[in-house]
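Step one of this worksheet: look at the structure below.
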Amino acid sequence: MSNDSNEFQDILRSVIDENGAELLKDPYKMNAFLLDFAYEYGKYRKLITIVLQEDVGDIIFQARNKESETKEQSLKKCLQRLRSETWLTESAMILAVNMLAKAVDLGCELPEYNEPEPQKAAAPVTQPAPSVLSLVRSTPKSSVSVKVAANAEKDIIKGDISDVCGDVTPYLTGVTSIGYKAFIGNFMLKRVIIPECVKTIMGKAFSWCVNLEEVRIPSGIEKIGERAFERCYNLRQISIENSPKYAVTNGMLVDKEKKRVMRAMNADGNINMTIPHGIKSVAPYAFECSPANTVFIPSTLERINSNAFYDCYCLNAFDVDSGNFWFASYDGVLYTNEGMQLVLYPQGRTAPDYYINYGTVEVCDRAFMGAMNLEKVIFSSSARKIGSRAFQFCEKLKSVTLPVSITSIGEMAFQGCKSLSIITIPVSIKEISDFVFSECHRLESITVPPMVDRIGHGAFLNCHRLERIVLQEGVCVIGNNAFKGCSDNLVIYARNNRFVEQYCKAHYIKCVAL
């Protein structure tokens, strides 16, 4: 596979690893995650979405715990289905199925498809027969030489080295690739010197090495995977010299070819960090747990992953170069340049209240996630959409004023808002999304507007104080565990809705008809 497809493979694997293999059954949810983490790999993202829409993911999901022979048959079944239901090329179908199989460690894959060579015109009868020498020269390289090349490669994979080994450098002699999650969770690692023989560091290779302080990367490194140093809270120094592909600039590991910040180092104390000029994107979790107090965004930056500043509790403000065409800063809060989207609210901002600018149409995914001091949010009448996880884990958030202009509230938008006691759902809302109010421990009463026809999975999960909820006549779907963990005194008031009455009876919830 190409470098791009390998990198997408790492992201796909990571997304499934974090969110569960059940994602294989839901192409739309998978696409939402891939839009977030693999936006730059559009052709692969679209390919996976197309394939999953044909229920191929469900076949692979069911095959995970089967015998090897059954797994192989399952992959062949996937290929047969795609042949009959899609117009994809044979090579594209095989690539997609193999990517999904690798992402769940199925342990087998379909053989690569070799395009048939066009038939050559028959040789004229007058042409002399080829000599023995010409036949030898035209013979492809022997399988022996290919095998030797393959055996020359050596990988370190997860489990090869004990996770309590404090010095892994001696084990890297002769190694060409540090595999996916190779050293995950090694609490003993403090310093790693990677030798010149290593050409590849796969995604999450050093994930959760929480005591890792220093990494030396060889100049000949060819690839560093997504989130290779995720959750390395104490990583203060990454060094790499004279590498054509990577560099350390302004305290950040940078992919020079893609013009991308991959990882910011966690220096001590409150600091101001400047993303280097020329950088176009910031990778997922690049500034995770950074002590930065402010971050300056240059004019060249085009894209910031929504998880880029995860758990940055010291971050008070963004400062954007006035020449930036994509972003702007309003009172330290990051918006798109024209102000229509609120991109990111600094988690460490001390003000308890925030008024969203007039003209803002959308609060992006994870925009306020984990804002530690936020207590009150007021929207303007221009707002239309609240993204998934937009206010997730805003534990001090007490009240939210939503205008009637809001038409969409994403999954988990208010999950874990433990202090939230007052929220009015606008009449324009048509669905209560999955886990949208789960873990809102102080929510006592809520009225679902008439246009809502679906209550999502876990929508009010573990809302311990929720005692009163009004459901209108339009509700015809209630997801799994929608009211699990609510107050023992929960009463659902149903307005002209036989379905809700039957649901309450089946789940031993008191129901009062209105």
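Only beta bridges with both residues in the chain are counted; by DSSP, about 20 percent of them are antiparallel.
Once a ≥ b ≥ c are taken as the square roots of the eigenvalues of the Cα gyration tensor of region 260-361, is the result rounded (a/c under 1.5), prolate (a/b larger than b/c) or oblate (a/b not larger than b/c)? Oblate, since a/c reaches 1.5 and b/c is not below a/b. Here the label points at TYR233 and ASP58, each 7 Å from Cα along the C-beta direction, are separated by 4.2 nm in the simple model.
Given the convex hull of the Cα atoms of the chain, what is a quarter of its surface area in nm²?
31.2 nm²
Calculated accessible area for the chain comes out at 48 Å² per residue, all protein chains present (probe 1.4 Å; ligands, DNA, RNA ignored).
Can you give me the Rg/Rh ratio for region 154-216, using Cα atoms for both radii and the Kirkwood formula for Rh? Ratio value, two decimals: 0.90. Our compactness index for region 334-426, the C-alpha radius of gyration over the empirical 2.2 N^0.38 Å, is 0.95.
For the peptides 381-391, 478-488, the ranking by mean Cβ contacts within 10 Å, running from highest to lowest, is 381-391, 478-488.
Relative to the globular-protein estimate of 2.2 N^0.38 Å, the Cα radius of gyration of region 385-483 stands at 0.94.
Each Cα pair under 8 Å and six or more residues apart adds its separation to the average, and for region 467-514 the resulting relative contact order is 41 percent. Quick one: go through region 192-223 and flag any residue whose amide nitrogen is under 20 Å from the point 7 Å out along the Cα-to-Cβ line of ILE157. Those under the cut-off are 198-207, 223. When only Cα pairs below 8 angstrom with a gap of at least 6 residues are kept, the chain shows a relative contact order of 5 percent.
Think of it as helices only: each DSSP H run of n ≥ 4 in the chain is worth -39500 (n - 2.57), and spread over all residues that comes to -6000 deg cm²/dmol at 222 nm. Residue-wise HN-Hα couplings along region 488-498, as the Karplus relation 6.51 cos²θ - 1.76 cosθ + 1.60 with θ = phi - 60° gives them from phi, are 4, 9, 4, 10, 9, 9, 10, 9, 6, 9, 5 Hz; Gly and Pro carry x. Amide hydrogen proximity for LEU402: with H placed 1.01 Å from N in the peptide plane, the residues at 5 or more positions away or on another chain lying under 5 Å are THR424. Under a model in which nothing but the beta-carbon of Lys, Arg (+1) and Asp, Glu (-1) is charged, region 251-380 shows a dipole of about 340 debye around its Cα centre.
To the nearest 20 Debye, how big is the dipole of the chain about its Cα centre, given +1 on the beta carbon of each Lys and Arg and -1 on that of each Asp and Glu?
320 debye
The values are calculated or read from the model by the stated rules, or taken from the named source; none is laboratory data. As the structure is a prediction and not an experimental result, all values here were calculated from the model. Cβ sites come from the backbone with ideal geometry, for glycine too, and all protein chains shown count toward neighbours. To get the accessible areas, we keep the full protein, side chains included, count just its heavy atoms, and leave off ligands, DNA and RNA. Shrake-Rupley method; radii C 1.70, N 1.55, O 1.52, S 1.80 Å.
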